[in-house]
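Please read the structure below before turning to the comments.
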Amino acid sequence: KAGFHRIGVAFLATSDLHIKYNLQTTREDVKGQVKAPVAHAKSYPDDVEYSPEDGSRSDIDFMAEVIQIAIDEGATTINVPDTTGYAIPEEYAAMFAALYERVPDLRKVTVSVHCHDDLGLAVANSFAGVQAGARQVEGAINGIGERAGNTSLEEFIMLLRTRNEAIGGLWTGANTKEIARTSRLVSRMTGYAVQPNKAIVGRNAFAHEAGIHQDGVLK
């Protein structure tokens, strides 16, 4: 973002599916390929992010080993993505719990979530990751992104804002009064219309069609 200096080292897959069919390489090669780009990026800004692509489908022990290598080389943000939108919240939270157990140094860096919405669970999975200890959420206004999109930032922000007490006081510094205008700006600049029933920013999000609901609001 503007005024913030970070290098996000390109995703390097840790799942056997990606290693075999996408990268066409081996686990040992992956471990070696993590070191150089992280170390090189560290010579620029102090904040360097590494992401084990397809983390949610990776062998947890191997991914933990690769993450430790990245931290040893200087990574200060570790982002573990659900690249294909395959995870469910319980799995995603358990993955982070297992990583914290296997990589104690994760508590010394920023841990991030990056979820896709292929099964409609991007916000739920991101929230599960935050409850498990992550403190950075990667997403997009209006939930835009490849395939079915990424975590909808406005939905996640308003989840924390609306249910703050129930979720232990987690919060962001986002100015919620700017959400609607930002949504319209993103829609206009990208050419992607916001569906009327889209949560938070859809034009029908706060409209009521059912008579019993209208009656309640009027009263």
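The values are calculated or read from the model by the stated rules, or taken from the named source; none is laboratory data. Everything quoted here is computed from the prediction, not taken from an experiment. All Cβ positions, glycine included, derive from the backbone under ideal geometry; neighbour counts span all protein chains shown. For the accessible areas, the whole protein counts, side chains as well, though only heavy atoms, and no ligand, DNA or RNA atoms are used. Shrake-Rupley method; radii C 1.70, N 1.55, O 1.52, S 1.80 Å.
Structure summary
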quantity	calculated
Probe 1.4 Å, all protein chains present, accessible-area order of Thr26, Thr76, largest first	Thr26, Thr76
Accessible area, probe 1.4 Å, largest first, for residues Met189, Met63, Met158	Met189, Met158, Met63
Dimensionless Rg ratio for the stretch 1-76, taking C-alpha atoms and the 2.2 N^0.38 Å reference	1.10
Alpha-carbon Rg/Rh ratio, for the stretch 44-129, with Rh computed the Kirkwood way	0.96
DSSP beta bridge pairing in the chain, given as percent antiparallel to the nearest 5	5
Average accessible surface area per residue within the stretch 15-68, 1.4 Å rolling probe, Å²	50
About the Cα centre, charge dipole magnitude for the chain (Lys/Arg +1, Asp/Glu -1 at Cβ), debye	920
Long pairs among Lys108/Lys177; Lys31/Lys108; Lys42/Lys108; Lys177/Lys198, criterion Cα-Cα beyond 27 Å	Lys108/Lys177
Per-residue SASA entry for Asp46, accessible area with 1.4 Å probe, Å² rounded to 10	120
Taking all pairs of distinct alpha-carbon atoms in the chain, Kirkwood radius in angstrom	18.7
Amide hydrogen neighbours beyond the local backbone of Gly8, cut-off 5 Å, H modeled	Glu49
Surface share of carbon and sulfur [accessible, 1.4 angstrom probe, percent] for the chain	53
